[in-house]
Amino acid sequence: MVSLATSTSASQIDELRHSQWSQMLRRRGPFAPDVDPHLDLNGVFSSKILVVGAGGLGCEILKNLALSGFRDLHVIDMDTIDVTNLNRQFLFTENDVGNPKASVAAKAIMRRIPSTTVTAFHCRIQDKPLEYYKQFQLVVCGLDSVEARRWINSTLVSISKGGDFLPLIDGGSEGLKGQARVILPSITSCYECSLDMLTPKTSYPICTIANTPRLPEHCVEWAFLLEWPRAAVSKSENTKSSEEISIQDEGSLREEASVSLAPAFDPDIPWHVDWIVDHARARAAAFNINASEIDRFFVLGIVKRIIPAVASTNAIIAAACCNEVLKILTDCNPSLDNYMMFVGEDGTYTFTFNLEKRSDCSVCGVLTESYTYSKARPPLLSTLINHYKTTYQLTSPSVSSTSGFPLYFSSPIPLQQATSNNLSKPIVDLISPSQQLVFTDKALTTSLYVSLQDSDEP
């Protein structure tokens with residue numbers, strides 16, 4: 001008996017797999033009354049799609065897009081596979097640990113679906129030039145980094161301002177919660193427009209951590225922020241009495257190994273985490289705090305701000321994102337407008353709403369500010385930089401005048417050194433009142449123009 005795989009070419013198998021799907025897309029419907037029955041679906045499914053991230057969401061997104069019929073996928077990820085990824089990132093096996101996620105994911109998809117080509121890049125998204133991103137018809141993000149999201153968002157907005165249109169579909173998950181959104185650069189709200197919706201990081205007063213801990217979290221923060229640096233300094237001052245840590249396997253005792261304490265804490269090194277666990281438990285016992293929940297996962301959740309990933313949540317969010325890819329590229333139904341929240345912590349709840357575009361957005365809006373000061377006490381340049389760095393969550397801003405005179409450049413190093421003396425000077429000594437300050441930041445695409453207003457003037 002001859003199998004289908006040996007008697008039929010890959011292209012014929014692909015056509016058979018998607019024949020019913022193609023018929024559905026060619027039908028007229030209430031939201032697509034003018035669909036051409038002879039629509040060139042081959043061109044649609046040959047669209048170049050970039051998937052940013054090959055982790056929990058990225059694996060699901062790649063699988064969904066390939067099975068939907070898209071044949072030209074690209075994936076970029078800077079990370080390598082860790083054994084802790086295997087419970088949810090199903091394209092990887094134990095034999096892949098240590099290898100680049102993007103490369104392994106691409107090979108796994110092409111083995112399972114030969115009609116799809118997946119081109120992998122093991123690098124940072126910032127390593128690719130602007131022209132690289134212009135080749136795609138659409139970008140799907142499955143990232144776990146706010147900074148990476150801000151960068152790709154601002155890059156696509158910048159491309160749109162140059163005349164090229166590149167939709168962005170962004171997905172994110174956090175335990176049993178998640179979100180999917182459609183960003184049409186320069187048309188709808190962008191990622192930067194929603195930056196104030198992010199949950200702030202939990203922090204504890206240092207005096208509580210150091211003197212009066214009341215929670216297991218206080219004990220972990222004490223071991224991480226105070227005790228580890230203290231022990232590391234002690235070790236560096238007296239290498240003959242280096243602190244040694246006994247490492248044990250979870251659940252079973254093995255031969256103990258002694259490891260010298262390193263100055264820099266690395267949460268990806270198991271014995272570093274074990275050291276924090278042991279000292280946090282001892283701290284909890286000393287203050288009669290229940291230490292039963294202090295384990296590796298608890299510690300990592302605090303020091304790395306990690307919320308455990310749930311595979312089923314990733315599947316839900318990835319499916320929502322890929323549905324939007326299909327709708328945008330085939331125009332078979334209206335796309336999401338423009339933000340969908342999924343909450344699975346207490347039952348199942350979804351909510352879709354239009355997140356409005358902000359006119360003062362630092363990426364897709366036009367930014368102008370007025371800074372009022374007293375002529376008797378004019379602000380230093382450093383004061384202004386810190387003010388707007390906090391206000392707009394900038395990373396390393398540079399400042400010049402509207403005439404082009406450099407006031408402070410954060411990079412490259414020679415320019416930073418040449419302009420750093422200006423930081424301690426009053427702003428009125430650097431520019432005339434008729435000029436504006438121009439703030440730029442490497443993570444953003446839009447300049448911030450600041451006018452200086454003397455409060456003593458009428």
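The values are calculated or read from the model by the stated rules, or taken from the named source; none is laboratory data. In this text, all values refer to a predicted model and were calculated from it rather than measured experimentally. So basically every Cβ, Gly included, is an ideal-geometry build from the backbone, and we count neighbours across all protein chains shown. For the accessible areas, the whole protein counts, side chains as well, though only heavy atoms, and no ligand, DNA or RNA atoms are used. Shrake-Rupley method; radii C 1.70, N 1.55, O 1.52, S 1.80 Å.
Could you check the range 43-98 and list, in sequence order, the residues that are of a type in the set (Lys, Arg) and touching a strand residue (DSSP E or B) at 6+ places or on another chain (Cβ under 8 Å)?
LYS48, ARG71, listed by residue number.
Quick check on my filter: what residues within the range 70-83 are without any contact (Cβ under 8 Å) to a residue 40 or more places away in the chain, over 16 Å from the mean Cα position of the chain (by Cα) and part of a loop (DSSP other than H, G, I, E, B)?
Matches in the range 70-83: ILE81 only.
SER403 fails exactly one of the following numbered conditions: (1) of a type in the set (Gly, Ala, Ser); (2) closer than 30 Å to ALA309 by Cβ; (3) touching a residue at least 24 places away in the same chain (Cβ under 8 Å). What is the number of that condition?
(2)
Residue pairs, Cβ under 6 Å, 6 or more apart or interchain, first in the range 85-96 and within 16 Å of ALA318 (Cβ to Cβ) and open to solvent by less than 90 Å² (accessible area, probe 1.4 Å), second assigned to a helix (DSSP H, G or I) and not aliphatic (A, V, I, L, M). List them.
ARG88/GLY56; GLN89/GLY56; GLN89/CYS59; LEU91/CYS59
Pull up the range 338-369, narrow it to residues that are among the acidic types (Asp, Glu) and surrounded by fewer than 14 Cβ atoms within 10 Å (Cβ to Cβ), then point me to the one that is farthest from the chain's Cα centre (by Cα). Don't jump to the end; show me each part of the working.
First, pick out the residues of the range 338-369 that are among the acidic types (Asp, Glu): 345-346, 356, 360, 369.
Remaining after also requiring surrounded by fewer than 14 Cβ atoms within 10 Å (Cβ to Cβ): 345-346, 356, 360.
Details: GLU345: 23, ASP346: 26, GLU356: 21, ASP360: 23 Å.
This residue is ASP346.
Just the residues that are of a type in the set (A, V, I, L, M, F, W, C) and part of a loop (DSSP other than H, G, I, E, B), please, taken from the range 351-398.
If the condition is that a residue be of a type in the set (A, V, I, L, M, F, W, C) and part of a loop (DSSP other than H, G, I, E, B), then LEU355, CYS361, VAL363, CYS364, VAL366, ALA376, LEU394 are the ones that fit.
Out of everything in the range 276-293 that is under 29 Å from the mean Cα position of the chain (by Cα) and within 15 Å of ALA231 (Cβ to Cβ), what residue ends up being surrounded by the fewest Cβ atoms within 10 Å (Cβ to Cβ)?
Step one: filter the range 276-293 for residues under 29 Å from the mean Cα position of the chain (by Cα), giving 276-277, 293.
Keeping just the survivors that are within 15 Å of ALA231 (Cβ to Cβ) gives 276-277.
On the way: ILE276: 26, VAL277: 20.
Restricting to residues being under 29 Å from the mean Cα position of the chain (by Cα) and within 15 Å of ALA231 (Cβ to Cβ), the top hit is VAL277.
When the range 48-69 is examined, which residues are found to be open to solvent by 10 Å² or more (accessible area, probe 1.4 Å) and part of a strand (DSSP E or B)?
Matches in the range 48-69: LYS48 only.
With the requirement that a residue be touching a residue at least 12 places away in the same chain (Cβ under 8 Å), under 16 Å from the mean Cα position of the chain (by Cα) and surrounded by fewer than 23 Cβ atoms within 10 Å (Cβ to Cβ), what does the range 183-201 give you?
Those that are touching a residue at least 12 places away in the same chain (Cβ under 8 Å), under 16 Å from the mean Cα position of the chain (by Cα) and surrounded by fewer than 23 Cβ atoms within 10 Å (Cβ to Cβ): CYS193, SER194, LEU195, LEU198, LYS201.
Yes or no: the range 149-165 includes at least one residue that is more than 25 Å from ALA264 (Cβ to Cβ), among the β-branched types (Val, Ile, Thr) and open to solvent by 50 Å² or more (accessible area, probe 1.4 Å).
no
Kindly evaluate PHE297 against the criterion of being open to solvent by 30 Å² or more (accessible area, probe 1.4 Å), at pLDDT 90 or above and of a type in the set (A, V, I, L, M, F, W, C).
no
Name the residue that is surrounded by the fewest Cβ atoms within 10 Å (Cβ to Cβ), counting only residues in the range 384-408 that are modelled with pLDDT under 85 and aromatic (Phe, Trp, Tyr).
Looking at residues that are modelled with pLDDT under 85 and aromatic (Phe, Trp, Tyr), I get PHE405.
Hey, which of the helices (runs of 4 or more DSSP H) in the range 84-187, taking only ones fully inside, have at least 1 residues that are among the small types (Gly, Ala, Ser)?
Because the criterion is at least 1 residues that are among the small types (Gly, Ala, Ser), the helices (runs of 4 or more DSSP H) in the range 84-187 that meet it are 101-112, 146-161.
Out of (1) open to solvent by 10 Å² or more (accessible area, probe 1.4 Å); (2) touching a residue at least 40 places away in the same chain (Cβ under 8 Å); (3) under 30 Å from THR188 (Cα atoms), the odd one out for ARG112 is which?
(3)
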